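Data first, discussion second: the structure below is written as structure tokens.
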Amino acid sequence: MFNYWKKIDNLNHINRLLLAFVATATLIIFALIMTLAIAPKRYEFWLTPNMAANGGLIKAHDISDQYIQGFVANLLPTINTWSKSGKKEFVSNLAGFHYYFTPRHRALMEKTLVSYQDAQLFNRTQVASLYRFMEPGDVKAIGANAWEVHVILRITQRLTDESPMVIADKVVDYHIRVVKINLSHLQNPFQLALDGYTQPEQLINDLLATALENQNNETN
């Protein structure tokens, strides 16, 4: 008889533990639901002008101009920036960004490496940055899954990383061909690649020469 009541007590104890577990799980689920409900109020979503004009909708497989320009605007300055050990960094970038180049662009970059080395550009530090933001017409479709991207960079050179003296400060105009590729997202999350230049790069302004000229005019 006593064993029977003992079994009943054990079952009641198990039931209480189960009820406590269910109550805890219910509270956790309720907290998660409340977090999901409140989360959108904590974030701000910024739409580009084109997306806002189109209601923020993009058709399947379409790529926005901002996405394409952002790909180039992030990649190009990085390739054209190096410290005193410029050649090593340039070669490292060529290897690291291997999946962001088509075979044609890789061949061009190999020639660029030789040209920069012959011109002794790697004997100085160089910093490339975006000179201005995207403007209408900077991205033009030139074929199926191919675009021409217009980017303007400011390129500043110094003798060393620590040197405050600027020896070159130029604004350079680039017109780059970009194509859509099909690679693993692990290798190329953008699914875009540089594919050469549609026009030769062009010097727009030599800021250092302009500054010296203005200084001389003020002195005279």
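For region 106-125, the criterion of a residue being surrounded by fewer than 17 Cβ atoms within 10 Å (Cβ to Cβ), modelled with pLDDT under 90, under 18 Å from the mean Cα position of the chain (by Cα) and not basic (Lys, Arg) is satisfied by no position.
Of the set (1) of a type in the set (S, T, N, Q); (2) modelled with pLDDT of 90 or more; (3) open to solvent by less than 30 Å² (accessible area, probe 1.4 Å), all apply to residue 163 but (2).
Selection of region 171-193 for residues being closer than 12 Å to residue 101 by Cα and of a type in the set (D, E, K, R) yields 177, 180. Each residue in region 126-135 was checked for being open to solvent by less than 60 Å² (accessible area, probe 1.4 Å) and without any contact (Cβ under 8 Å) to a residue 24 or more places away in the chain, and 1 pass. Limited to region 40-99, what total is found for residues that are in a loop (DSSP other than H, G, I, E, B), open to solvent by 80 Å² or more (accessible area, probe 1.4 Å) and modelled with pLDDT of 80 or more? The qualifying residues number 1. Contact annotation: no residue pair with Cβ atoms under 8 Å, 6 or more positions apart or on different chains, pairs a residue in region 1-22 that is part of a helix (DSSP H, G or I) with a partner that is modelled with pLDDT of 70 or more and not charged (D, E, K, R). Pairs linking a residue in region 97-110 that is within 18 Å of residue 70 (Cα to Cα) to a residue that is of a type in the set (S, T, N, Q), with Cβ atoms under 7 Å and 6 or more positions apart or on different chains, are 99/187; 99/188; 100/188. Taking the conditions exactly as written (surrounded by fewer than 13 Cβ atoms within 10 Å (Cβ to Cβ) and among the hydrophobic types (A, V, I, L, M, F, W, C)), does residue 168 satisfy them or not? No: the conditions fail for residue 168.
Across region 182-189, a minimum of one residue is classified as polar (S, T, N, Q), within 23 Å of residue 64 (Cβ to Cβ), in contact (Cβ under 8 Å) with a residue 60 or more places away in the chain and out of contact with any Lys or Arg (no Cβ under 8 Å at 6 or more places or on another chain).
The values are calculated or read from the model by the stated rules, or taken from the named source; none is laboratory data. None of the values given here were measured: they were computed from a predicted structure. Positions of Cβ are backbone-derived with ideal geometry, glycine not excepted, and every protein chain shown enters the neighbour counts. Accessible surface areas use protein heavy atoms only, side chains included; no ligands, DNA or RNA. Shrake-Rupley method; radii C 1.70, N 1.55, O 1.52, S 1.80 Å.
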